[in-house]
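One structure below.
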């Protein structure tokens with residue numbers, strides 16, 4: 001009897017394993033079918049015309065954006081950070097007849113934007129124009145995340161793991177369930193459009209704008225202090241600056257790739273409200289902003305033209321102090337800003353004004369807003385911007401009480417030896 005029991009028990013083990021394996025494979029099969037149907041990140045059906053598409057949160061993730069860029073055959077792509085995803089409308093009339101995608105990546109720094117731009121060019125042989133949105137805040141030192149390093153456009157992609165994650169991953173499953181649930185209830189996703197533009201407002205409509213500007217400035221000051229300390233620790237240099245412009249050394253590689261493919265790169269130095277600029281001056285960082293602009297102007301001088309005669313690199317500067325970036329900030333409920341959400345992010349209305357200047361090969365701007373930077377124009381342009389700041393800043397309400405407007409203007413006037421030399425050569429401050 002014991003022998004029979006042992007044989008029965010042994011024969012039950014394979015059956016037990018088979019049942020559990022079949023159950024496991026059945027569950028995985030259901031998850032796989034669910035994720036193929038829901039396709040929350042447009043990995044399996046990237047054409048963006050499915051029934052479920054309006055119900056996805058696809059564009060909030062780097063997964064989805066990378067998949068769309070890889071399969072879209074786009075004519076124009078915007079690369080950048082959160083300023084890009086909320087400020088540039090891919091359906092702007094200036095792009096009539098062209099396929100345009102907003103590849104903005106919230107929280108991205110220069111290195112990630114560089115890899116995303118490289119990826120966009122490599123995946124789209126017919127790409128005509130690549131807009132690369134730049135801002136000084138993208139150049140402070142910050143360790144790269146493991147998720148970016150192994151992403152589809154990162155330096156160490158893992159395509160097998162990536163595909164498995166799209167088919168069976170928990171995040172994909174969660175998003176598929178959410179999309180299918182919203183589809184069954186008829187609730188559209190109202191955060192992003194299918195072309196990557198964020199349409200949900202940054203702040204609630206009943207918020208007082210001044211409170212948001214003040215909070216953003218306070219947060220920004222703490223972040224810059226922490227970022228500078230991290231940069232100093234990384235370099236083991238107590239005098240290391242806030243910005244790490246050495247990362248720009250790889251930009252010519254991106255330019256070479258674009259030139260060989262016939263893609264024009266348009267760098268857009270994005271705007272910030274003058275309160276943000278005032279803080280940089282107060283903290284002694286403004287000279288580095290000028291250094292950044294000079295680096296891009298130098299790249300323009302070194303770029304060779306494309307085969308079709310277009311310039312391979314055009315750089316536009318919107319980080320100036322003009323009527324758009326100096327708009328008044330309402331202090332009462334019921335009033336709102338027109339061009340900026342807060343000091344760091346501009347609205348799509350201002351983005352539309354910018355696109356009117358940069359979307360086509362029209363004549364360059366006549367003022368500082370949207371001026372094209374070249375080796376020949378950079379010095380005079382920086383003088384004009386400095387003069388605008390010096391004229392406007394004493395009249396604005398400086399939020400942080402320890403900021404003295406006279407000291408700010410003094411720092412601004414002496415921010416670089418080149419600007420000072422040009423002013424002396426012109427027998428005084430240059431005017432427009």
### Query
Which ones in the stretch 293-327 are modelled with pLDDT of 95 or more, surrounded by fewer than 20 Cβ atoms within 10 Å (Cβ to Cβ) and either under 17 Å from residue 391 (Cα atoms) or within 20 Å of the chain's Cα centre (by Cα) (or both)?
295
### Message
Condition check: under 30 Å from residue 309 (Cα atoms) and modelled with pLDDT under 95. Does residue 275 satisfy that?
### Response
no
### Message
Consider the stretch 217-253. How many of its residues are outside any helix (DSSP H, G or I) and free of Cβ contacts under 8 Å to residues at least 12 places away in the same chain?
### Response
4
### Query
residue 148: in contact with a helix residue (DSSP H, G or I) (Cβ under 7 Å, 6 or more places away or on another chain), assigned to a loop (DSSP other than H, G, I, E, B), surrounded by 16 or more Cβ atoms within 10 Å (Cβ to Cβ) and at pLDDT below 90, yes or no?
no
#### Entry: Any hit, the stretch 77-85, residues being at pLDDT 85 or above, surrounded by fewer than 22 Cβ atoms within 10 Å (Cβ to Cβ) and within 24 Å of the chain's Cα centre (by Cα)
yes
### Message
Based on this model, can you work out whether residue 176 counts as exposed (fewer than 13 other Cβ atoms within 10 Å of the Cβ), part of a helix (DSSP H, G or I), at pLDDT below 75 and more than 23 Å from the chain's Cα centre (by Cα)?
### Response
no
### Message
Based on this model, can you work out whether residue 257 counts as in a loop (DSSP other than H, G, I, E, B), within 21 Å of the chain's Cα centre (by Cα), at pLDDT 80 or above and within 28 Å of residue 126 (Cβ to Cβ)?
### Response
no
### Message
Out of the residues in the stretch 218-254 meeting the condition of being touching a strand residue (DSSP E or B) at 6+ places or on another chain (Cβ under 7 Å) and within 12 Å of residue 283 (Cβ to Cβ), tell me which one is surrounded by the fewest Cβ atoms within 10 Å (Cβ to Cβ).
### Response
227
### Task
Quick one: residue 191 ticks every box in (1) surrounded by fewer than 18 Cβ atoms within 10 Å (Cβ to Cβ); (2) in contact (Cβ under 8 Å) with a residue 60 or more places away in the chain; (3) more than 26 Å from residue 337 (Cβ to Cβ); (4) in contact with a helix residue (DSSP H, G or I) (Cβ under 8 Å, 6 or more places away or on another chain) except a single one, so which number is it?
(3)
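The values are calculated or read from the model by the stated rules, or taken from the named source; none is laboratory data. Note that the coordinates shown come from a computational prediction; the quantities given were computed from them, not determined experimentally. Cβ sites come from the backbone with ideal geometry, for glycine too, and all protein chains shown count toward neighbours.
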